[in-house]
Structures are given as structure tokens and as C-alpha cells.
Amino acid sequence: MRAAVVTTFGGPEAVEIIETDVPEPATGQMRIKVAAATLNPADAAVRQGVFGGAGQQLGLGWDVAGTVDAAGTTVGAAADWSVGDEVVALLFAMGTSLGTHADYVIVDADAVAKAPTTVDAAHAATLPLNALTAAQALDQLDVQKGQSLLVTGAAGAVGGYAVQLAAHRGISVTAVARESDEQLVRSLGATHFASPGAVEAGSVDAVLDTAVLGEAALEWVRDGGAYIGVIPQGAPASVRGVRTDAVSVTPDGARLAELVALLDEGVLTARVAETYALADAIKAHARLAEGGVRGRIVLVP
């Protein structure tokens, strides 16, 4: 099979398409034939060496939509699936030699959920990493119905899912994004829109900082509120009693199934900016590096 990997760090040209053996699932694992896999900023970070791993082969890709191709010994969650089932899953790809940017991928069975029925594989593939990150960040913030949440980078994939999930819970959402994205973020459920320079200090109960503004975003939280970032170990120090932390996404098939249901119900909106063939992974990385993408770039083997 083919797989996109990096063995040296650098720009888009560091991405290689290699030929490798089709992997075999172990007990409690499944092999998925990839129909679509999202290209995320985390993949660019791996490619650039942000997470280390010099001298190793590092696989790219965390999200997958596809069909169950094989299973290891069917114990636990693996017993719930059959060959041919259409699924989505999150592979925690940090430091792995093969990711989801491949023809086949091995995932733990408890990371898998039934695929959405209302969207195609490319759109379904945008859900696992981005929606799980948003959902788990909101869990950490513990914002309740009637409280206020500010989301930076609200037009992005994680930010957009966070706006929709929070609005669905009855939380008042202020979206911080470019002025050109105001209509988009309001359509996702934001109650208020603001540019970064127009937010009053201490005006919200909590901030989800997907744009990595750090201390500037922390100033917008009221005394005793909460701040969650998206860079592990990258949250600013607590001030004024504000609880600060960062989300570190974990695979969770049961939670992913809940998000799939919300997508099928129309609560969540999957957004695809462009699709590329796996063979054109370098071009896809170059497009991501240009910026200005609304929705995710998806590789379709």
C-alpha cells in the first residue's frame, strides 16, 4: 500500500509517498480501508519537526473515514464491527510510523464510530480530530447553559465545531474571527461577533483559544473563569483566579458516535475546502501552508 510519511523535517517537499506492507490488526484493533483522511495543522507541525522524532519515519494523518477491512481477535469493542462497515475514527498519530494518509490504517476498535449517513466520506473525515477536540475542550471548560463563552479562531475547523456545540448547549457564544467571516460564524450559532481589538476585558465566563492568542485572550475572561488552549503545555499562567489549561485530544469512539449523531441531525456542519489525491499530498501541504482555508483539506486515496 501507499502511505504519506516524513523522514526529514521541512516544508511541503519533505512529504514522501512510500510503498509499504499492508499492516495487520492485533487483538482489539481494526484495519480500515481509507476513503478519506483530513489534512490538519497537526500534520504540518509533524512535518516541520515541532513534535520531534528526528531520524524516524513519521506517519501523517489523524482522521479517517472508510470501511472496515479486517479485525484482530474480536474482543471488546472489536466484536461490534464487521468487514464492510462504514466508519470514522481518530488515530492518535503522534510518533507513529504510519498515519491515516494511506490506503489502509490500523486503529483501536474503541476509537471507531459508525460513519455519518448524511454526508460523504470527505466530509465525514473532518469530524474525528476537530470535533472531538472541540467537545473535549468544552468539557474541560465546564461552561454551563446560560453562561458565556468566547471562541477565538471561530471560523476554523475546531473553532467552528466548538461554536456549534456550545450554541446547542444553550451557551452564549462570542466568536472572534476575521470581519469577512462574520456571516459564517453567525450561521454556526454565534450570538455575538467581535474582532480581537473589540473585546472587553473580563467580559466572558470562559475562552476557548483555538487561534493561540494566549495572554491576550486570557484577559477577556472574568475573574475566576476558565481558559482552554489547544497547544498542550502551552496555556498561559493563571491570573485573577482564572483556571488555565490546554486540551490534548484523545480517541473516544463512544463520544465520536455522539458527534456523528449531531452531524446527521444537522447540529454540526462538516466543511471541506478542497480534496486532493493521496499522490498529491505535497500539493495539499503547500495549499495548507498558504493559509486562508475555510474548512479542511481532505486527501482521497
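The values are calculated or read from the model by the stated rules, or taken from the named source; none is laboratory data. As the structure is a prediction and not an experimental result, all values here were calculated from the model. Every residue, glycine among them, receives a Cβ derived from its backbone with ideal geometry; neighbour counts consider all protein chains shown. Please note that ligands, DNA and RNA were not included when accessible areas were found on the heavy atoms of the full protein model with its side chains. Shrake-Rupley method; radii C 1.70, N 1.55, O 1.52, S 1.80 Å.
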Extreme residue, nearest to Gly292 (Cα to Cα), among residues of segment 257-275 that are of a type outside the set (Asp, Glu) and open to solvent by 50 Å² or more (accessible area, probe 1.4 Å): Thr275
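Answer with yes or no whether Thr118 is modelled with pLDDT of 95 or more, part of a loop (DSSP other than H, G, I, E, B), surrounded by fewer than 17 Cβ atoms within 10 Å (Cβ to Cβ) and in contact with a helix residue (DSSP H, G or I) (Cβ under 9 Å, 6 or more places away or on another chain). Show your work before the answer.
On the way: modelled with pLDDT of 95 or more: yes; part of a loop (DSSP other than H, G, I, E, B): yes; surrounded by fewer than 17 Cβ atoms within 10 Å (Cβ to Cβ): yes; in contact with a helix residue (DSSP H, G or I) (Cβ under 9 Å, 6 or more places away or on another chain): yes.
Considered against the rule, which asks whether it is modelled with pLDDT of 95 or more, part of a loop (DSSP other than H, G, I, E, B), surrounded by fewer than 17 Cβ atoms within 10 Å (Cβ to Cβ) and in contact with a helix residue (DSSP H, G or I) (Cβ under 9 Å, 6 or more places away or on another chain), Thr118 comes out as yes.
Would you check which residues across segment 183-204 are assigned to a helix (DSSP H, G or I) and either at pLDDT 95 or above or in contact with a Gly (Cβ under 9 Å, 6 or more places away or on another chain) (or both) and list them? It would help to see each step written out before you state the result.
Just the residues of segment 183-204 that are assigned to a helix (DSSP H, G or I), to begin with: 183-187, 196-198.
Scanning segment 183-204 gives Gln183, Leu184, Val185, Arg186, Ser187.
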Those residues of segment 181-202 which are among the charged types (D, E, K, R) and closer than 25 Å to His168 by Cβ, in sequence order: Asp181, Glu182, Arg186
Any chance Leu218 is surrounded by 15 or more Cβ atoms within 10 Å (Cβ to Cβ), modelled with pLDDT of 95 or more, of a type in the set (A, V, I, L, M) and out of contact with any Phe, Trp or Tyr (no Cβ under 6 Å at 6 or more places or on another chain): no
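Whether any residue in segment 170-181 is without any contact (Cβ under 8 Å) to a residue 12 or more places away in the chain and either among the hydroxyl-bearing types (Ser, Thr, Tyr) or surrounded by 17 or more Cβ atoms within 10 Å (Cβ to Cβ) (or both) is what I want to check.
Yes, some residue in segment 170-181 is without any contact (Cβ under 8 Å) to a residue 12 or more places away in the chain and either among the hydroxyl-bearing types (Ser, Thr, Tyr) or surrounded by 17 or more Cβ atoms within 10 Å (Cβ to Cβ) (or both).
One line per residue, one yes/no per condition, for (1) under 27 Å from Ala261 (Cα atoms); (2) open to solvent by 20 Å² or more (accessible area, probe 1.4 Å); (3) assigned to a helix (DSSP H, G or I):
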| position | (1), (2), (3) |
| --- | --- |
| Val151 | yes, no, no |
| Gly159 | yes, no, yes |
| Gln164 | yes, no, yes |
| Ala206 | yes, no, no |
| Val212 | no, yes, no |
| Gly225 | no, no, no |
Where Thr38 falls short, out of the listed (1) closer than 16 Å to Val298 by Cβ; (2) surrounded by fewer than 16 Cβ atoms within 10 Å (Cβ to Cβ); (3) of a type in the set (S, T, N, Q): (2)
